[in-house]
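Some notes on the structure that comes next.
The values are calculated or read from the model by the stated rules, or taken from the named source; none is laboratory data. This structure is a prediction, so every number in the text was calculated from the model and none was measured. When we count neighbours, we look across all protein chains shown, and the Cβ atoms used for this are built from the backbone with ideal geometry, even at glycine. Ligands, DNA and RNA are excluded from the accessible area calculation, which covers all protein heavy atoms including side chains. Shrake-Rupley method; radii C 1.70, N 1.55, O 1.52, S 1.80 Å.
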Amino acid sequence: MNALTHRGVLAAIGAAALFGAGTPVAKLLLAHTSPWLLAGVLYLGSGLGLWVWRLLSGAPTVSLQRAELGWLAGAVVAGGMLGPLLLMTGLAGMAAADASLLLNAEGVFTALLAWFVFKENFDRRIALGMVAIVAGAAILSWPDKSGVGALWPSLTVLGACLAWAVDNNLTRKVSVADASFIAMTKGLVAGATNLALAFATGATWPSAAVVAGAGLLGLLSYGTSLVLFVVALRHLGTARTGAYFSVAPFFGAVLAIGLLGEPVTLQLVLAGVLMAIGVWLHLTEKHGHRHAHEPLEHSHEHDHDAHHRHVHSDGSPATAKHTHWHRHEPMVHSHDHYPDIHHQHPHPH
(Lines give C-alpha, C1' and ligand atoms only; values in the text may rest on other atoms or scores of the structure.)
Protein backbone atom coordinates (compact mmCIF):
# COMPACT_ATOMS: atom_id res chain seq x y z
CA MET A 1 0.00 0.00 0.00
CA ASN A 2 2.04 2.95 -1.33
CA ALA A 3 0.44 6.12 0.01
CA LEU A 4 2.09 8.39 -2.56
CA THR A 5 0.53 6.51 -5.51
CA HIS A 6 -2.81 5.62 -3.91
CA ARG A 7 -5.81 7.14 -5.73
CA GLY A 8 -7.37 8.41 -2.51
CA VAL A 9 -4.16 10.04 -1.29
CA LEU A 10 -3.55 11.75 -4.64
CA ALA A 11 -7.14 13.02 -4.65
CA ALA A 12 -6.78 14.34 -1.08
CA ILE A 13 -3.51 16.14 -1.88
CA GLY A 14 -5.00 17.61 -5.05
CA ALA A 15 -7.97 18.85 -3.03
CA ALA A 16 -5.58 20.30 -0.46
CA ALA A 17 -3.54 22.18 -3.07
CA LEU A 18 -6.62 23.81 -4.60
CA PHE A 19 -8.22 24.67 -1.27
CA GLY A 20 -5.01 25.93 0.34
CA ALA A 21 -4.20 28.23 -2.58
CA GLY A 22 -7.63 29.82 -2.22
CA THR A 23 -6.97 31.40 1.19
CA PRO A 24 -4.41 34.07 0.17
CA VAL A 25 -6.38 34.85 -3.01
CA ALA A 26 -9.54 35.29 -0.92
CA LYS A 27 -7.54 37.65 1.31
CA LEU A 28 -7.00 39.90 -1.73
CA LEU A 29 -10.72 39.81 -2.60
CA LEU A 30 -11.74 40.74 0.96
CA ALA A 31 -10.36 44.22 0.33
CA HIS A 32 -13.27 44.77 -2.07
CA THR A 33 -16.26 43.06 -0.48
CA SER A 34 -17.75 41.79 2.80
CA PRO A 35 -16.81 38.38 4.27
CA TRP A 36 -20.40 37.11 4.12
CA LEU A 37 -20.97 38.12 0.50
CA LEU A 38 -17.61 36.67 -0.55
CA ALA A 39 -18.47 33.36 1.14
CA GLY A 40 -21.72 33.28 -0.84
CA VAL A 41 -20.08 34.05 -4.20
CA LEU A 42 -17.34 31.47 -3.62
CA TYR A 43 -19.83 28.67 -3.07
CA LEU A 44 -22.29 29.82 -5.72
CA GLY A 45 -19.44 29.97 -8.25
CA SER A 46 -18.57 26.42 -7.23
CA GLY A 47 -22.14 25.18 -7.65
CA LEU A 48 -22.81 26.92 -10.96
CA GLY A 49 -19.49 25.86 -12.45
CA LEU A 50 -20.06 22.22 -11.56
CA TRP A 51 -23.66 22.39 -12.80
CA VAL A 52 -22.41 23.59 -16.21
CA TRP A 53 -19.72 20.90 -16.26
CA ARG A 54 -22.23 18.15 -15.44
CA LEU A 55 -24.60 19.48 -18.13
CA LEU A 56 -21.91 19.56 -20.82
CA SER A 57 -20.43 16.19 -19.87
CA GLY A 58 -23.79 14.43 -19.78
CA ALA A 59 -23.37 13.32 -16.15
CA PRO A 60 -26.10 10.87 -15.06
CA THR A 61 -28.92 11.85 -12.72
CA VAL A 62 -28.23 11.02 -9.07
CA SER A 63 -30.89 9.69 -6.71
CA LEU A 64 -30.15 9.67 -2.98
CA GLN A 65 -31.91 7.64 -0.32
CA ARG A 66 -33.99 9.54 2.26
CA ALA A 67 -31.39 8.98 5.00
CA GLU A 68 -28.65 10.24 2.67
CA LEU A 69 -30.59 13.46 2.03
CA GLY A 70 -30.46 14.22 5.76
CA TRP A 71 -26.70 13.69 5.90
CA LEU A 72 -26.20 15.91 2.84
CA ALA A 73 -28.42 18.67 4.26
CA GLY A 74 -26.40 18.72 7.48
CA ALA A 75 -23.17 18.87 5.49
CA VAL A 76 -24.45 21.82 3.44
CA VAL A 77 -25.36 23.83 6.56
CA ALA A 78 -22.13 23.09 8.43
CA GLY A 79 -19.61 23.17 5.59
CA GLY A 80 -21.33 25.29 2.97
CA MET A 81 -22.83 28.03 5.13
CA LEU A 82 -21.06 28.26 8.50
CA GLY A 83 -17.55 27.21 7.42
CA PRO A 84 -16.83 29.79 4.71
CA LEU A 85 -18.53 32.60 6.65
CA LEU A 86 -16.36 31.97 9.72
CA LEU A 87 -13.20 31.66 7.59
CA MET A 88 -13.82 34.92 5.71
CA THR A 89 -14.59 36.70 9.03
CA GLY A 90 -11.36 35.48 10.63
CA LEU A 91 -9.31 36.08 7.50
CA ALA A 92 -10.34 39.74 7.52
CA GLY A 93 -8.48 40.21 10.83
CA MET A 94 -5.31 38.14 10.46
CA ALA A 95 -2.49 37.36 8.04
CA ALA A 96 -3.37 34.94 5.25
CA ALA A 97 -0.30 32.78 5.95
CA ASP A 98 -1.30 32.38 9.61
CA ALA A 99 -4.90 31.61 8.68
CA SER A 100 -3.71 29.06 6.11
CA LEU A 101 -1.63 27.10 8.61
CA LEU A 102 -4.33 27.36 11.28
CA LEU A 103 -6.68 25.54 8.91
CA ASN A 104 -4.73 22.39 9.80
CA ALA A 105 -7.03 22.16 12.80
CA GLU A 106 -9.75 20.98 10.40
CA GLY A 107 -7.97 17.65 10.05
CA VAL A 108 -7.75 17.28 13.82
CA PHE A 109 -11.42 18.08 14.41
CA THR A 110 -12.37 15.78 11.52
CA ALA A 111 -10.40 12.90 13.02
CA LEU A 112 -11.72 13.40 16.55
CA LEU A 113 -15.31 13.30 15.32
CA ALA A 114 -14.58 10.30 13.09
CA TRP A 115 -12.91 8.37 15.91
CA PHE A 116 -15.13 9.13 18.88
CA VAL A 117 -18.51 9.92 17.32
CA PHE A 118 -18.54 7.84 14.13
CA LYS A 119 -16.23 5.08 15.51
CA GLU A 120 -13.62 4.99 12.73
CA ASN A 121 -10.47 3.08 13.68
CA PHE A 122 -7.12 4.71 14.54
CA ASP A 123 -3.78 3.69 16.05
CA ARG A 124 -0.94 5.29 18.02
CA ARG A 125 0.86 6.63 14.93
CA ILE A 126 -2.24 8.42 13.69
CA ALA A 127 -2.91 9.84 17.16
CA LEU A 128 0.69 11.11 17.49
CA GLY A 129 0.38 12.82 14.11
CA MET A 130 -2.71 14.63 15.29
CA VAL A 131 -0.94 15.72 18.51
CA ALA A 132 1.82 17.32 16.40
CA ILE A 133 -0.74 19.14 14.25
CA VAL A 134 -2.61 20.39 17.33
CA ALA A 135 0.64 21.69 18.82
CA GLY A 136 1.39 23.58 15.61
CA ALA A 137 -2.09 25.08 15.53
CA ALA A 138 -1.75 26.17 19.18
CA ILE A 139 1.55 27.96 18.48
CA LEU A 140 0.12 29.63 15.41
CA SER A 141 -3.08 30.82 17.08
CA TRP A 142 -1.34 32.36 20.10
CA PRO A 143 -1.95 36.12 19.71
CA ASP A 144 0.87 38.66 19.57
CA LYS A 145 -1.30 41.06 21.55
CA SER A 146 -3.17 40.43 24.76
CA GLY A 147 -6.93 40.52 24.98
CA VAL A 148 -9.92 38.80 23.44
CA GLY A 149 -9.86 41.05 20.37
CA ALA A 150 -6.46 39.74 19.30
CA LEU A 151 -7.57 36.13 19.76
CA TRP A 152 -10.93 36.50 18.01
CA PRO A 153 -9.76 36.05 14.38
CA SER A 154 -8.00 32.78 15.31
CA LEU A 155 -11.10 31.54 17.13
CA THR A 156 -13.33 32.22 14.13
CA VAL A 157 -10.94 30.33 11.81
CA LEU A 158 -10.95 27.43 14.30
CA GLY A 159 -14.75 27.63 14.26
CA ALA A 160 -14.64 27.25 10.48
CA CYS A 161 -12.41 24.20 10.93
CA LEU A 162 -14.96 22.64 13.31
CA ALA A 163 -17.82 23.36 10.89
CA TRP A 164 -15.90 21.72 8.03
CA ALA A 165 -15.04 18.76 10.28
CA VAL A 166 -18.75 18.16 10.86
CA ASP A 167 -19.28 18.56 7.10
CA ASN A 168 -16.54 16.00 6.31
CA ASN A 169 -18.00 13.35 8.58
CA LEU A 170 -21.53 13.86 7.27
CA THR A 171 -20.33 13.86 3.64
CA ARG A 172 -18.63 10.50 4.26
CA LYS A 173 -22.13 9.06 4.68
CA VAL A 174 -22.95 9.90 1.04
CA SER A 175 -19.45 9.63 -0.49
CA VAL A 176 -20.39 6.59 -2.56
CA ALA A 177 -22.65 8.88 -4.67
CA ASP A 178 -21.40 10.98 -7.61
CA ALA A 179 -18.77 13.37 -6.20
CA SER A 180 -19.54 16.24 -8.61
CA PHE A 181 -23.25 16.04 -7.73
CA ILE A 182 -22.50 16.32 -4.02
CA ALA A 183 -20.18 19.29 -4.54
CA MET A 184 -22.62 20.99 -6.93
CA THR A 185 -25.52 20.64 -4.49
CA LYS A 186 -23.47 22.07 -1.64
CA GLY A 187 -22.34 25.00 -3.75
CA LEU A 188 -25.76 25.96 -5.09
CA VAL A 189 -27.65 25.70 -1.80
CA ALA A 190 -24.97 27.18 0.46
CA GLY A 191 -24.01 29.92 -2.01
CA ALA A 192 -27.58 31.11 -2.60
CA THR A 193 -28.34 31.09 1.14
CA ASN A 194 -25.21 33.01 2.13
CA LEU A 195 -25.81 35.59 -0.59
CA ALA A 196 -29.38 36.15 0.59
CA LEU A 197 -28.21 36.57 4.20
CA ALA A 198 -25.41 38.91 3.13
CA PHE A 199 -27.80 41.21 1.27
CA ALA A 200 -30.24 41.09 4.19
CA THR A 201 -27.49 42.52 6.42
CA GLY A 202 -26.73 45.39 4.03
CA ALA A 203 -24.01 43.99 1.75
CA THR A 204 -23.70 45.43 -1.76
CA TRP A 205 -22.28 43.95 -4.96
CA PRO A 206 -18.61 44.67 -5.63
CA SER A 207 -17.33 45.23 -9.19
CA ALA A 208 -17.98 42.66 -11.90
CA ALA A 209 -14.28 41.76 -11.95
CA VAL A 210 -14.34 40.91 -8.23
CA VAL A 211 -17.50 38.81 -8.64
CA ALA A 212 -16.01 36.94 -11.61
CA GLY A 213 -12.73 36.36 -9.78
CA ALA A 214 -14.52 35.10 -6.69
CA GLY A 215 -16.71 32.80 -8.76
CA LEU A 216 -13.71 31.27 -10.54
CA LEU A 217 -11.86 30.92 -7.24
CA GLY A 218 -14.91 29.19 -5.77
CA LEU A 219 -15.09 26.72 -8.65
CA LEU A 220 -11.44 25.73 -8.21
CA SER A 221 -10.80 26.04 -4.47
CA TYR A 222 -14.21 24.89 -3.26
CA GLY A 223 -15.93 23.02 -6.12
CA THR A 224 -13.13 21.06 -7.78
CA SER A 225 -11.39 20.66 -4.44
CA LEU A 226 -14.56 19.22 -2.90
CA VAL A 227 -15.03 16.76 -5.77
CA LEU A 228 -11.52 15.42 -5.14
CA PHE A 229 -12.14 15.41 -1.38
CA VAL A 230 -15.27 13.25 -1.77
CA VAL A 231 -13.29 10.82 -3.94
CA ALA A 232 -10.67 10.66 -1.18
CA LEU A 233 -13.35 10.03 1.46
CA ARG A 234 -14.56 7.07 -0.57
CA HIS A 235 -11.07 5.51 -0.66
CA LEU A 236 -9.48 6.57 2.65
CA GLY A 237 -12.19 7.16 5.22
CA THR A 238 -12.85 10.43 7.03
CA ALA A 239 -9.97 10.76 9.50
CA ARG A 240 -7.20 9.85 7.06
CA THR A 241 -8.63 12.05 4.31
CA GLY A 242 -8.65 14.91 6.81
CA ALA A 243 -5.05 14.16 7.73
CA TYR A 244 -3.78 14.17 4.15
CA PHE A 245 -5.86 17.28 3.48
CA SER A 246 -3.86 18.93 6.25
CA VAL A 247 -1.17 19.81 3.69
CA ALA A 248 -3.58 22.47 2.36
CA PRO A 249 -2.35 25.21 4.74
CA PHE A 250 1.23 24.74 3.54
CA PHE A 251 0.20 25.54 -0.02
CA GLY A 252 -1.68 28.58 1.28
CA ALA A 253 1.15 29.82 3.49
CA VAL A 254 3.76 29.57 0.74
CA LEU A 255 1.49 31.36 -1.73
CA ALA A 256 0.70 34.08 0.84
CA ILE A 257 4.38 34.78 1.38
CA GLY A 258 5.04 35.00 -2.36
CA LEU A 259 1.78 36.69 -3.42
CA LEU A 260 1.11 39.05 -0.51
CA GLY A 261 4.68 39.62 0.68
CA GLU A 262 3.85 38.43 4.19
CA PRO A 263 6.88 37.81 6.45
CA VAL A 264 8.32 34.42 7.40
CA THR A 265 8.12 34.53 11.22
CA LEU A 266 9.58 32.16 13.82
CA GLN A 267 6.03 31.37 14.93
CA LEU A 268 5.12 30.38 11.39
CA VAL A 269 8.22 28.18 10.97
CA LEU A 270 7.72 26.34 14.29
CA ALA A 271 4.06 25.72 13.53
CA GLY A 272 4.92 24.53 10.03
CA VAL A 273 7.56 22.07 11.27
CA LEU A 274 5.20 20.53 13.83
CA MET A 275 2.40 20.24 11.31
CA ALA A 276 4.76 18.71 8.75
CA ILE A 277 5.79 16.05 11.27
CA GLY A 278 2.14 15.25 11.91
CA VAL A 279 1.37 14.90 8.21
CA TRP A 280 4.47 12.71 7.69
CA LEU A 281 3.33 10.34 10.43
CA HIS A 282 0.03 9.92 8.58
CA LEU A 283 1.65 9.50 5.17
CA THR A 284 3.86 6.66 6.44
CA GLU A 285 1.07 4.73 8.17
CA LYS A 286 0.72 0.97 7.51
CA HIS A 287 -2.47 -0.85 8.46
CA GLY A 288 -3.14 -4.48 7.58
CA HIS A 289 -4.73 -7.48 9.31
CA ARG A 290 -7.13 -10.37 8.73
CA HIS A 291 -10.66 -8.99 8.41
CA ALA A 292 -14.12 -10.04 7.30
CA HIS A 293 -16.36 -8.42 4.69
CA GLU A 294 -20.08 -8.64 5.31
CA PRO A 295 -22.54 -8.88 2.39
CA LEU A 296 -23.02 -5.43 0.84
CA GLU A 297 -24.93 -3.96 -2.10
CA HIS A 298 -24.26 -0.51 -3.56
CA SER A 299 -23.30 1.39 -6.71
CA HIS A 300 -20.05 3.24 -7.40
CA GLU A 301 -17.21 3.45 -9.91
CA HIS A 302 -14.94 0.40 -9.68
CA ASP A 303 -12.85 -2.12 -11.57
CA HIS A 304 -12.70 -5.84 -10.89
CA ASP A 305 -10.11 -5.88 -8.12
CA ALA A 306 -9.98 -8.28 -5.16
CA HIS A 307 -13.19 -6.80 -3.78
CA HIS A 308 -15.15 -6.79 -7.06
CA ARG A 309 -15.20 -10.30 -8.51
CA HIS A 310 -18.83 -10.26 -9.61
CA VAL A 311 -20.05 -11.32 -13.06
CA HIS A 312 -22.02 -8.90 -15.23
CA SER A 313 -25.55 -9.99 -16.06
CA ASP A 314 -25.03 -9.29 -19.77
CA GLY A 315 -21.77 -11.21 -19.84
CA SER A 316 -19.71 -8.14 -20.80
CA PRO A 317 -16.05 -8.13 -19.66
CA ALA A 318 -14.78 -5.50 -17.21
CA THR A 319 -11.90 -3.94 -19.12
CA ALA A 320 -12.11 -0.46 -17.58
CA LYS A 321 -13.62 1.38 -14.64
CA HIS A 322 -17.40 1.29 -14.71
CA THR A 323 -20.40 2.02 -12.49
CA HIS A 324 -23.41 -0.14 -11.71
CA TRP A 325 -25.34 -1.64 -8.80
CA HIS A 326 -23.48 -4.71 -7.53
CA ARG A 327 -23.32 -7.11 -4.60
CA HIS A 328 -20.33 -8.04 -2.44
CA GLU A 329 -20.40 -11.59 -1.14
CA PRO A 330 -18.94 -12.41 2.32
CA MET A 331 -15.15 -12.66 2.27
CA VAL A 332 -12.31 -13.06 4.79
CA HIS A 333 -8.73 -12.09 3.85
CA SER A 334 -5.72 -10.04 4.91
CA HIS A 335 -4.02 -7.07 3.21
CA ASP A 336 -3.01 -3.44 3.82
CA HIS A 337 -6.06 -1.21 3.69
CA TYR A 338 -7.67 2.07 4.68
CA PRO A 339 -11.14 2.44 6.25
CA ASP A 340 -12.70 3.03 2.83
CA ILE A 341 -16.26 2.19 1.78
CA HIS A 342 -15.36 -1.54 1.77
CA HIS A 343 -13.43 -1.61 5.05
CA GLN A 344 -15.60 -0.25 7.84
CA HIS A 345 -15.21 -3.23 10.13
CA PRO A 346 -14.73 -2.76 13.91
CA HIS A 347 -11.27 -2.86 15.49
CA PRO A 348 -10.70 -4.01 19.10
CA HIS A 349 -8.69 -1.53 21.20
Please report the accessible area of residue 186 (heavy atoms, 1.4 Å probe, ligands and nucleic acids excluded) in Å², nearest 10. 0
Can you give me the distance in nm between label points at residue 310 and residue 117, each placed 7 Å from the Cα along the Cα-to-Cβ direction? 3.2
If you take the charge dipole of region 174-298 about its Cα centre, with +1 on Lys and Arg Cβ and -1 on Asp and Glu Cβ, which of 259, 197, 247 is farthest toward its positive end? 247
Express the accessible area of region 1-55 per residue in Å², computed with a 1.4 Å probe while the remaining protein chains stay in the model. 39
Place a point 7 Å from the Cα of residue 259 in the direction of its beta carbon; the residues of region 94-120 whose amide N falls under 15 Å from it are 95-101
List 156, 204, 61, 185, ordered by accessible area with a 1.4 Å probe, largest first: 61, 204, 185, 156
Using a 1.4 Å probe, how large is the accessible area of residue 294, given in Å² and rounded to the nearest 10? 130
Within the accessible area of region 169-273 (1.4 Å probe), percent carbon and sulfur: 77
Between residue 269 and residue 32, what is the label-to-label distance in nm when each label sits 7 Å out along the Cα-to-Cβ direction? 3.6
Can you classify region 145-232 as rounded, prolate or oblate using the Cα gyration tensor, where a ≥ b ≥ c are the square roots of its eigenvalues, rounded means a/c under 1.5, and otherwise it's prolate if a/b beats b/c and oblate if not? oblate
